[in-house]
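Asks: Okay, here's the structure, questions in a sec.
What follows draws every value from the coordinates through simple rules; no lab data is involved. Bear in mind that the values here come from a model prediction, so they are computed numbers and not experimental data. Here Cβ is always computed from backbone atoms with ideal geometry, including for glycine, and neighbour counts include all displayed protein chains.
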Amino acid sequence: MFLEYFVTAALIAQDEDVRDWGDVLGTEIAEEWNTPIHRQFDFWVGEWDANWRGQEEDGLDHVEVGSGSRQLVLPILDGKAVMELAMPSELTPGEGQGHGFSLRYYDIENERWIMAQHWPNPQYDGVAFLDQLTGVERFGRIMVFSPDLRRTTPEGDPQIRRYTFSDIREDAFRWDGANTIDHGSRWLTWMAVDFRETDPVVHMPPSDQPLPGYNEGLLCTDDTHRGMDGVVGLWSGVATSANGNEEPAHISASQMLDGCGVMVAFERPDSAYRSVTFWSWSPVVERWFALYLNNQPGQGHRYYSAETAGEGVGFNYHPGVNIVDAETPYLANAQDDISDALQRIRWLEIGETELVFRVESRPSENAVWQMRREYRMQANE
């Protein structure tokens, strides 16, 4: 059986052509997600130029021309989610510059959109992928809210933050960022961004190349951020369930955000299963976090966390950091003791040619961990 596995994995690796990232991530819309409510953000799918216009000195309006960025926005997970990758319009060789990422999906159970993002720059690496907002569409305008992670009211409570997507046309729209310190009586719009489409089709590179937004690895260059770099690459092998059933599995992993994160895309074609997991170290919380979402109906995003990363580390399920609503603070829960978690992802081996990890669970805090699924992968040649 063991020898058979290696032969099967080798054949898979040799026969598989390198696909582009769009195919790996699942940009084709499946019937399950082809509904009007799930497609509310499709106006943004494409390649865009953005003009980020900060406030004028007198605060009355926003400057005419601000800083520029380039955005690639595409559906993923068979259309369950929409992902944004942002990078500077002009890259300066040898200089670290801010990059951005966001992921959004419609939460059917709670009838709302949920968005998670990470926008590191040379001055601030932030809270990994923990930054979240939630909201709905009304009359062609989408507004999402959250407790601000950095700004507070005079009383020391988090300000409420609002992002607005409006003035939506076929090839342009506007985004506003605003905050309130008095529960919405007054809003300060600190940024207005004009988006103009440059191509309705997103052109993604082959999956043996980094995701767009990884330039020279000039952000997050410290050793702590390198904990998951060993997973980067293309892998094929076998996923074994708790009852011993086996099926082919594939992993495509890339660095992202110019060195501040790693994205891992999982596929089990026989089960029509896809998932994406985004891994990053948070210097603010001093923990590693993984943001996970799959293409299965009725399942929302999850967070897993650990104090370190790499071979031998188990990332415990961390539900306390999921956004609750527009007002309830959640970042303080990022430092919770989660040693009593009932689910985890454990990396058994991260080698140059072999990758082994398990998804595990247990019925209670003191019970023995049980394997739910094990992945044994070989590096594609």
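Asks: Per residue of the stretch 235-249, what does 6.51 cos²θ - 1.76 cosθ + 1.60 with θ = phi - 60° give for ³J(HN,Hα)? Whole Hz please, x for Gly and Pro, Karplus curve as stated.
Replies: 9, 9, x, 10, 9, 10, 7, 4, 8, x, 5, 10, 8, x, 9
Asks: Have a look at Ile160, Ala379, Leu234 and report the one farthest towards the positive end of the charge dipole of the chain, computed about the Cα centre with Cβ charges (Lys/Arg +1, Asp/Glu -1).
Replies: Positive-end residue among those listed: Ile160.
Asks: With an 8 Å Cα cut-off and a minimum separation of 6 or more residues, compute the relative contact order for the stretch 31-199 in percent. Kindly include the intermediate steps, with their values, before the conclusion.
Replies: Working: 366 pairs, mean separation 31.0, N = 169.
Result for the stretch 31-199 is 18 percent.
Asks: Please report the equivalent ellipsoid semi-axes of the chain, computed as sqrt(5 x eigenvalue) of the Cα gyration tensor, largest first, in whole Å. Write down the numbers at each step before the final one.
Replies: Working: eigenvalues 244, 112, 83 Å².
Semi-axis lengths for the chain are 35, 24, 20 Å.
Asks: Residues of the stretch 193-210 with backbone nitrogen within less than 20 Å of a virtual label 7 Å along the Cα-to-Cβ line of Ser67, please, listed as ranges.
Replies: Correct set: 193-196.
Asks: Sticking with this structure for a sec: Which of rounded, prolate, oblate describes the stretch 275-341, given a ≥ b ≥ c as roots of the alpha-carbon gyration tensor eigenvalues and a/c under 1.5 marking rounded, otherwise prolate only if a/b is larger than b/c? It would help to have the intermediate numbers written out before the result.
Replies: Details: a/c = 1.75, a/b = 1.10, b/c = 1.59.
Note, shape of the stretch 275-341 comes out oblate.
Asks: Binning at 5 angstrom from zero up to the longest distance, how are the C-alpha pair distances of the stretch 27-160 distributed in percent?
Replies: Bin by bin from 0 Å, the calculated values are 2, 9, 14, 18, 21, 17, 11, 6, 2, 0, 0.
Asks: Can you tell me, using C-alpha contacts under 8 Å and at least 6 residues apart, the relative contact order of the chain as a whole percent? Please report the intermediate quantities before stating the final value.
Replies: Working: 936 pairs, mean separation 55.9, N = 381.
Across the chain, relative contact order equals 15 percent.
Asks: I need Glu267, Glu28 ordered by Cβ neighbour count within 10 Å, fewest first.
Replies: On the way: Glu267 21, Glu28 9.
Exposure proxy ranking, most exposed first: Glu28, Glu267.
Asks: Looking at the stretch 263-374, I'd like the Rg to Rh ratio, where Rg is from alpha-carbon atoms and Rh is Kirkwood's inverse mean 1/r. Provide the component values of the computation, followed by the final result.
Replies: Values: Rg = 14.6 Å, Rh = 15.2 Å.
Dividing the radius of gyration by the Kirkwood radius yields 0.96.
Asks: If amide H atoms are built 1.01 Å from N in the plane of the peptide, which residues on other chains or at least 5 residues away come under 5 Å of the amide H of Ala81?
Replies: Correct list: Ile76.
Asks: Cα gyration tensor of the stretch 117-196, axes a ≥ b ≥ c as square roots of the eigenvalues: rounded (a/c below 1.5), prolate (a/b > b/c) or oblate? If you can, show how the numbers build up before the last one.
Replies: Details: a/c = 2.00, a/b = 1.30, b/c = 1.54.
The shape class here is oblate.
Asks: For the chain, find the longest principal axis of its Cα atoms and tell me its angle to the long axis of helix 2-15, 0 to 90°, nearest 10.
Replies: The angle comes out at about 50 degrees.
Asks: Still on this structure: Ignoring everything except DSSP H segments at least 4 long, calculate the 222 nm mean residue ellipticity for the chain; use -39,500 (n - 2.57) per segment, divide by total residues, nearest 500.
Replies: Result for the chain: -1500 deg cm²/dmol, rounded to the nearest 500.
Asks: Summing +1 for each Lys or Arg and -1 for each Asp or Glu, what net charge is found among the other residues whose Cβ lies under 13 Å from the Cβ of Trp48? Walk me through the numbers before you get to the answer.
Replies: Numbers: positive: Arg70, Arg169, Arg174, Arg196; negative: Glu47, Asp49, Glu84, Glu170, Asp171, Asp194, Glu197, Asp199.
Counting the neighbours of Trp48, the net charge comes to -4.
Asks: For every other residue with a beta carbon closer than 14 angstrom to the beta carbon of Pro158, add +1 if it is Lys or Arg and -1 if Asp or Glu, then tell me the sum.
Replies: Details: positive: Arg150, Arg151, Arg161, Arg162; negative: Asp131, Asp148, Glu155, Asp157, Asp182, Asp325, Glu327.
Net charge around Pro158: -3.
Asks: What number, in nm² with one decimal, is the all-direction average of the projected area of the convex hull of the alpha-carbon atoms of the stretch 181-286? Show your work: numbers first, answer last.
Replies: Numbers: hull surface 48.9 nm².
Mean projected area for the stretch 181-286: 12.2 nm², to one decimal.
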